[in-house]
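Here is the structure we will look at, set down as structure tokens.
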Amino acid sequence: MTMPRPDETLRDTVTRLLDDGYTGAASSVVRAIGNNMNSGLLEMRLKQLEEEAARLVEAGQQMRPDNAYLTAFFDTLEDTLKDNRALINAATGELGQNGVVAAETISLRLVTEGLPQQVVAAVNGQWNRPDPNAVAGLVDFTSDPAWNDLLKGYTDRMIERVNDRALFGFVNGWNPLRTARELRKLTQGADGSPGLAKFEAETIMRTLQLSSYRRGVAAYQAANAQILEPEAVRIAVLDMRTCLACVALHGKRIPLGEPVRDHWNGRCTSVAMVRGYERQIQTGEEWFNALPEGRQQQQRAFNNNPSYWAAYRAGDVRLDDFVEEATDPVFGEMVMQASLSGILGDGARRYYGQGRG
Ligand SMILES: [Zn+2]
């Protein structure tokens, strides 16, 4: 029997449950990191650096790489980022657990949503709940040494960016005030932007939560294989932000009990189906094709990369072409959005500069 159902409710349910979980576990850490970057010692060092820059300008001098105030700023930035790392690390247990709890609720909710009452009752009665500790063991990404490398990379990348920017200022003979302003902008974010340190911390925590959730879903599906179809359906949260790879993969079948592969911040999951009650889920390609052309062009991936849109419009690439597999040391197999040059090689060149308007 086939159960047609509106996809919209399904996506809303997933989004709501996941966002609730993330906000609960990560918001205090993100706030603390924001405070670290915006107040206290780092703020004092930035102010001192700006005063020093003003003094140098007045004296008609350049800022030099070995300037004592600049060095003090870098030392404090490094310490602050180390504190941030400790904050992220302290939140990992709750984030992982949160992913597992969300997986338990969501996997069952998605399986039963829209089915007749008596089927829902039967599934609820037969649903296996594996030991949460066993599931938590499956989703523990943080005991791997690669996790520490990832956190170290968080610090190193940030320092490197700030260093590069300072160097760029020296090489290009910037006014010292401009250099100081740029360093503040990089560490704290400008125009209400969150600042790279905070943004990266959010990406790490979000990906940890979502990856734990996806492995958890796979574990709950596997534990209930006796009442489920042998294949689950991959679903994306289809909106303006969804990348082209995730649009292309939405609605495709994956083996039951296999975690969905996704990228950093990826929002895809899978829906298992009760045996005998297969769902008809519109594919991502069908969803996209049904959008008005003006709206298609606004899809963030196309809007940010007009040459991609030009190649797509010309029929030179299909949505499927944007699916690229990758392996991450912490999160394992991932799926990314391929670049146009990755797909077309030199052939991508003819689209550069096209696709606007
Ligand atoms: Zn995606």
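The values are calculated or read from the model by the stated rules, or taken from the named source; none is laboratory data. Bear in mind the structure is a predicted one, so any value in this text is a computation, not a measurement. All Cβ positions, even for glycine, are placed from backbone atoms using ideal geometry, and neighbour counts span all protein chains on display. Side chains are part of the model used for accessible areas, which takes the heavy atoms of the whole protein and leaves out ligands, DNA and RNA. Shrake-Rupley method; radii C 1.70, N 1.55, O 1.52, S 1.80 Å.
Observations on the structure shown:
- Pair residue 127, residue 240: separation of 7 Å Cα→Cβ label points (nm): 3.5 nm
- Efficiency of FRET between residue 300 and residue 86 - r from beta-carbon atoms, R0 30 angstrom, step 0.05: 0.35
- Nitroxide proxy distance, nm - points 7 Å out along Cα→Cβ at residue 278 and residue 28: 4.8 nm
- Paramagnetic reach from residue 265 in the stretch 284-318 [backbone N under 18 Å; point 7 Å along Cα→Cβ]: 298-306
- Taking 0.36 nm per residue of separation and subtracting the current Cα-Cα distance, fully stretching the chain between residue 138 and residue 254 would add 39.8 nm.
- A simple spin-label model places the labels of residue 64 and residue 43 3.2 nm from each other, with each point 7 Å out along Cα-to-Cβ.
- Gain upon complete extension [residue 20, residue 289; 0.36 nm per residue less C-alpha separation]: 93.7 nm
- Farthest toward the positive end of the dipole of the stretch 132-225, out of 174, 196, 225, is the Cα of 174, where the dipole comes from beta carbon charges about the Cα centre.
- Cleavage-rule hits, chymotrypsin sites (Phe, Trp or Tyr not before Pro), the stretch 182-258, DSSP coil, Cβ neighbours within 10 Å at most 16: none
- Using Cβ point charges alone (K and R +1, D and E -1), the dipole size of the chain about the Cα centre works out to roughly 620 debye.
- If you take all other residues with their beta carbon under 13 Å from the beta carbon of residue 207, and give Lys and Arg +1 and Asp and Glu -1, the sum is +1.
- When the stretch 164-286 is described by a simple charge dipole with +1 on each Lys and Arg Cβ and -1 on each Asp and Glu Cβ, the residue from 283, 209, 186 located farthest towards its positive end is 186.
- The helix-only estimate of mean residue ellipticity at 222 nm for the chain, built from DSSP H runs of length n ≥ 4 each weighted as -39500 (n - 2.57), is -20000 deg cm²/dmol after division by the residue total.
- Across the chain, the relative contact order, built from alpha-carbon pairs under 8 Å that are at least six residues apart, equals 20 percent.
- The stretch 100-162 pair-distance distribution - Cα-Cα, 10 Å bins, rounded %: 17, 28, 21, 16, 12, 5, 0
- Among 198, 252, the order of accessible area from largest down is 252, 198, computed with a 1.4 Å probe on protein heavy atoms.
- Shape analysis of the chain yields a ratio of the Cα radius of gyration to the Kirkwood radius, Rg/Rh, of 1.05.
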